[in-house]
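Below is one structure, written out as structure tokens; comments come after it.
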Amino acid sequence: MSAAFRDTSEQDRPLAPRRRRPLIWVGVGLIAVLAAALGLPRLMQGWSAGTAVSAARLSLATVEVAPLTRDVAGEGRIVAAQSPTLYAPGAGTVTLVVQAGDPVKRGQVLARVDSPELTNRLAQERSHVDALRAELARAEVEARQQTAALQSAYENARIDQQTAANDLARQTQAFEAGATARMQVERAQDALAKARLALDQARDLRGLKTDSLKLDVQAKRSALARQQLLVADLERQVAELQVRSPVDGQVGQLFLADRANVARDAKLLSVVDLSALEVQMQVAESFARELQPGMPGEITGNGQRWAGQVSSVSPEVVNGEVTARLRFAGPQPEQLRQNQRLSVRVLLDRRDKVLGVASGSFVDEGGGSHAYVLRGGFAEKVAVKLGARSLERVEVLSGLQAGDRVVISGTDNFKGAERVLIAD
């Protein structure tokens, strides 16, 4: 049996072609919607703008005249105003008398250094002092003896002169009386001249020798005094082998073990004076140039607030920061601990009626030479000149007026365009 296959002509049904709207009408419809929402003039301006950014992605602030307070804020930690580190005054063996954390008083012995070398040297120098003292005594005795001998020689010469003068007077009288020859008078005159010369020599010799003896004694006395000063210094060094606390406080850290051998000037331990605490903070180098001792500050912590004052500013910059310290302006608060964290704020400057705007990322972008001002739904790029800055506000020197609304953050979305459409 043969069967014939039928085709699908009976199943297919031709459809009428559907009319498609031209795409141009879709574009016209969108333009009409935008024109209705924004207005045709604004739409034309939007086409001329470089780009469009949503207002939700921006932060705006109004330029106004208000007080400008410049300050530096940061985190600080409690440190002791006095925290001396003690060093070994000499080489030797150290015996520690205290432990870390022990309370100590000013002048209390904290460690002892046994230095045989220094002790033996002191004994030797003391012996040298005794020898010099004996030499000085001997020189003084010898000076007195020679001074007495010189004085005796001078007195004998003076007596010889007086004798020669008396003999000349007798010979002269005898010659005038005719009882003696003229030769005897002349001999008496020569003897008197010799006696006078001997007296002058004895006087000069006594003066020179006395001065020499005085210089010799003075040299011995100076040598003794110099040696005594050396002994006094060694005695001071030996006394310093008893390492004493320079302040009232608490032993901080021990840098070596008990009975350890140390060299001169080796670190032994530190003492913390808890009666005078300060707050240490790190300040950026840019602010540190204006930071000066005596500036007022504010210290906050433990739910309390205290007035402070800058006590010192380090002259060294480390990693772009400078270390500054503040002391409490009033009585020192209680219950503060070493290395406790506190909030610190230092007032650099305060001025009233300053034209400014809230600080934002626009200050650093482009070196702060321009800002975007919101005008009629557009952000327009305007050249500005900025002045003093604080953590919250920046001074406006030129380019902006009071009442202007400025984009303070989010301007990176503008990509440097001169005019940007701000979409609501």
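Quick notes
- Residues in the stretch 213-256 that are among the small types (Gly, Ala, Ser) and modelled with pLDDT of 90 or more were compared, and the one that is farthest from GLN82 (Cα to Cα) is ALA219.
- When the criteria are applied in full, LYS381 meets the requirement of being modelled with pLDDT of 80 or more, surrounded by 15 or more Cβ atoms within 10 Å (Cβ to Cβ) and among the basic types (Lys, Arg).
- One residue alone among SER398, SER359 is out of contact with any Ser or Thr (no Cβ under 6 Å at 6 or more places or on another chain) and exposed (fewer than 14 other Cβ atoms within 10 Å of the Cβ), and that residue is SER398.
- Check on VAL79, farther than 30 Å from TRP306 by Cβ, at pLDDT 80 or above and surrounded by 11 or more Cβ atoms within 10 Å (Cβ to Cβ): no
- Among the candidates THR210, THR180, residue that is touching a Ser or Thr at 6+ places or on another chain (Cβ under 7 Å) and either over 30 Å from ALA123 (Cα atoms) or modelled with pLDDT of 85 or more (or both): THR210
- Residues that are at pLDDT below 90, on the phi > 0 side of the Ramachandran plot and surrounded by fewer than 18 Cβ atoms within 10 Å (Cβ to Cβ) are absent from the stretch 273-291.
- Once the stretch 285-306 is narrowed to residues that are polar (S, T, N, Q) and within 20 Å of the chain's Cα centre (by Cα), the residue that is farthest from LEU326 (Cα to Cα) is SER286.
- When LEU326, LEU291, LEU347, LEU355 are checked against the criterion of being of a type in the set (A, V, I, L, M, F, W, C) and closer than 21 Å to SER83 by Cα, LEU326 stands alone in meeting it.
- Of all residues assigned to the stretch 209-221, at least one qualifies as being assigned to a helix (DSSP H, G or I) and either loosely packed, with under 12 Cβ neighbours inside 10 Å or assigned by TED's automatic domain parsing to the domain that holds PRO89 (or both).
- Note on the stretch 171-192: residues that are in contact with a helix residue (DSSP H, G or I) (Cβ under 8 Å, 6 or more places away or on another chain) and not hydroxyl-bearing (Ser, Thr, Tyr) total 12.
- Candidates VAL382, VAL363, VAL322, VAL396: the one that is in contact with a helix residue (DSSP H, G or I) (Cβ under 7 Å, 6 or more places away or on another chain) and of a type in the set (Val, Ile, Thr) is VAL322.
- Of the strands (runs of 3 or more DSSP E) lying entirely inside the stretch 312-408, those carrying at least 2 residues that are without any contact (Cβ under 8 Å) to a residue 24 or more places away in the chain and of a type in the set (A, V, I, L, M, F, W, C) are 378-383.
The values are calculated or read from the model by the stated rules, or taken from the named source; none is laboratory data. Because the structure is a prediction, the values reported are computed rather than measured. Glycine gets a Cβ as well: all are built from the backbone with ideal geometry, and neighbour counts include every protein chain shown.
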